[in-house]
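Below is one structure, written out as structure tokens; comments come after it.
Every read-out reported here was derived from the displayed coordinates using simple, explicitly stated rules and does not represent laboratory data. Worth saying up front: this structure is predicted, and the values here are computed from it rather than measured. Ideal geometry is used to build each Cβ from the backbone, glycine not excepted, and the neighbour counts take in all protein chains shown.
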Amino acid sequence: MNVLLIGSGGREHALALSLSRSPLLTQLFIAPGNPGTEALGRNVTLDVADHRAVVDFCKLMQVGFVVVGPEAPLVAGLVDDLEAAGVLAFGPSKAAAQLEGSKGFTKDLCAQFSIPTADYQRFSAPEPAKAYVRQRGAPIVVKADGLAAGKGVIVAMSLAEAEAAIDMIFGGAFGAAGAEVVVEDFLEGEEASFFALCDGTRALAFASAQDHKRVGDGDTGPNTGGMGAYSPAPIMSEAMSARVMKEIIEPTMAGMRQRGTPFKGVLFAGLMIGSKGPKLIEFNARFGDPETQVMLARLNEDLLPLLLAAAKGALPAGPVKLSAQTALTVVYAARGYPDAPERGSEIKGLDRAATMEGVTVFHAGTKREGTRLLANGGRVLNVTARGDSVAQAQARAYGAVDAIDWPGGFCRRDIGWRAIGK
Ligand code: AMP
Ligand code: GLY
């Protein structure tokens, strides 16, 4: 079958690699893709915001299945429009993508269906939000309701910081995403990411991972899209994964169904594992980036039938076959990321890195100019390695980072520290 993959990041390079290995695949198209996906399929220029154009492309090229990587097209209803035109797609409907598109929506769902999460309130004006913050005390967390590219969350250590965050969001720092604010209690514990494939009715545990959101070593500096990850997350034991399925994922599936907006696709739960068990920090309605790079590095079965089954409402009983090895990825970013990444610096030595044992280098923000490979974004490469332990995967990944010649780049040097320190 012909498959169209939407997106251009390291996540999509990893998805493209897995899809390209499927015996079910005839031709893979990636819109727009990146220099890494070029070798795995055909990169195509398509205006993904123009749903009619995407449908027309699918008809013309006999695309039987569309896999949507990023959240924006999901929240814009691309899957609804594809399905209305008879094209099968992996990802939630616009209504179900509200699990990522509106933090208030998700918090209300949690309240309605007793899903463990931080206590909260929603606000549409600054004064009541500030009064609530003063009543609850610090630390406290202030969030813009809508999509804010991962920047709309302020973990405030003082009341002054929380009030400033409320003013900033209502002041328009995140545009329409900040028309509403969620204020919630600060949760203590260890963070983990958990992914489940969902078919509208059932959910199947996929894999766990741990991200490193802060830009600097030791988890310092501003939040980013993610500076590195490893899978599995040691804290997500089988017992903890089973609890998350039972206490968070399954009630969400049941609740969404009951509301008439069943969830299909992949549900990405950002969790805080505290002394009383798992609590939901947030949902995403898509695969994580860079979590996907490490989860797929461990996948020991064909990805395409799993995604097809989720889209068709017919997930297998499972479990998903995963390698017991650890995979770890280091995000190699352009200097200046996340505020002002410098574009255009040249990257050399990728071939050398890619032949090292257990290593795969995924492209994200790169571009080719003639024979040269240039940085063209914030997160530029994801240097990924498998190993028998987190320490081995880490040593291999940093060995490959050091084989790459890119003076314009930087990376964290401590990805995996939490797992190795134990
Ligand atoms: P989010 O975009 O909602 O995942 O939030 C970004 C980051 O803020 C999370 O990965 C957590 O580190 C932190 N965070 C969000 N909500 C809370 C909370 N209620 N308590 C503690 N930390 C939080
Ligand atoms: N790495 C976090 C995310 O994909 O949202």
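Distances between every pair of Cα atoms in the chain, grouped in 10 Å steps from 0 to the bin holding the largest one, split as 5, 22, 32, 28, 11, 1, 0 percent.
Net length available on complete extension from Q258 to A314 is 18.3 nm, with 0.36 nm assigned per residue and the Cα-Cα distance removed. In terms of the mean number of neighbouring beta-carbon atoms within 10 Å, the peptides 101-114, 339-352, 151-164 order highest first as 101-114, 151-164, 339-352. For the range 20-33, 3J(HN,Hα) computed residue by residue from phi via the Karplus equation (6.51, -1.76, 1.60; θ = phi - 60°) reads 5, 8, 6, x, 7, 7, 9, 9, 10, 10, 10, 10, x, x Hz, glycine and proline entered as x.
Mind checking the dipole of the range 1-127: about its Cα centre, +1 per Lys or Arg Cβ, -1 per Asp or Glu Cβ, Debye to the nearest 20? Display every interim value, and only then the final one.
Details: 9 positive and 13 negative charges, 59 e Å.
It comes to approximately 280 debye.
Note on the range 366-412: dipole from Cβ charges, positive end direction compared against N382, Q394, T366; the farthest Cα belongs to T366.
Classification of the range 1-63 by its C-alpha gyration tensor yields an oblate form. The axis ratio a/c (a ≥ b ≥ c) is 1.5 or more, and b/c is at least a/b. Positive-end ranking of A239, P251, T261 along the dipole of the range 229-270, with charges on Cβ about the Cα centre, is headed by T261.
Here are some pairs, K246/K279; K151/K276; K264/K321; K151/K312; which of them have Cα atoms lying more than 24 Å apart in this structure? The answer is K151/K276; K151/K312. Ellipsoid semi-axes for the range 256-332, based on the Cα gyration tensor and the rule √(5λ), read 22, 21, 13 Å when sorted largest first.
Which of the chymotrypsin sites (Phe, Trp or Tyr not before Pro) across the range 174-260 are loop residues per DSSP, with 16 or fewer other Cβ within 10 Å? It would help to have the intermediate numbers written out before the result.
Details: sites: F174, F186, F194, F195, F206, Y230; in loops: F174, F186.
Sparse-neighbourhood loop chymotrypsin sites (Phe, Trp or Tyr not before Pro): F186.
Dipole magnitude for the range 125-240: computed about the Cα centre from +1 point charges on Lys and Arg Cβ and -1 point charges on Asp and Glu Cβ, it is near 180 debye.
Looking at the P(r) of the range 91-213, how many percent of alpha-carbon pairs lie beyond 22 Å?
Working: 2930 of 7503 pairs.
So the pairs more than 22 Å apart make up 39 percent of the total in the range 91-213.
Each of A97, V79, V66 was placed along the dipole of the range 56-140 (beta-carbon charges, centred on the mean Cα), and the one lying farthest toward the positive end is A97. Give me D for the range 283-422 in µm² s⁻¹, whole number, from Stokes-Einstein with Rh from the Kirkwood sum over alpha-carbon pairs, 20 °C and 1.002 mPa s. The estimated diffusion coefficient comes to 131 µm²/s.
Summing Cβ point charges (Lys, Arg +1; Asp, Glu -1) relative to the Cα centre of the range 280-371 gives a dipole of roughly 140 debye. Volume per residue for the range 1-124 equals 140 cubic angstrom (convex hull of Cα atoms). Whole-Hz Karplus values for the range 386-393 come out as 9, x, 6, 8, 4, 4, 5, 4 Hz, taken residue by residue from phi with 6.51 cos²θ - 1.76 cosθ + 1.60 and θ = phi - 60°; glycine and proline positions read x. The separation of the range 44-98 from the range 178-220, counted between C-alpha centres, amounts to 25 Å.
Computed over the range 252-299, the P(r) curve from all C-alpha pair distances, binned at 5 Å from the origin, holds 5, 18, 18, 22, 19, 14, 5, 0 percent per bin.
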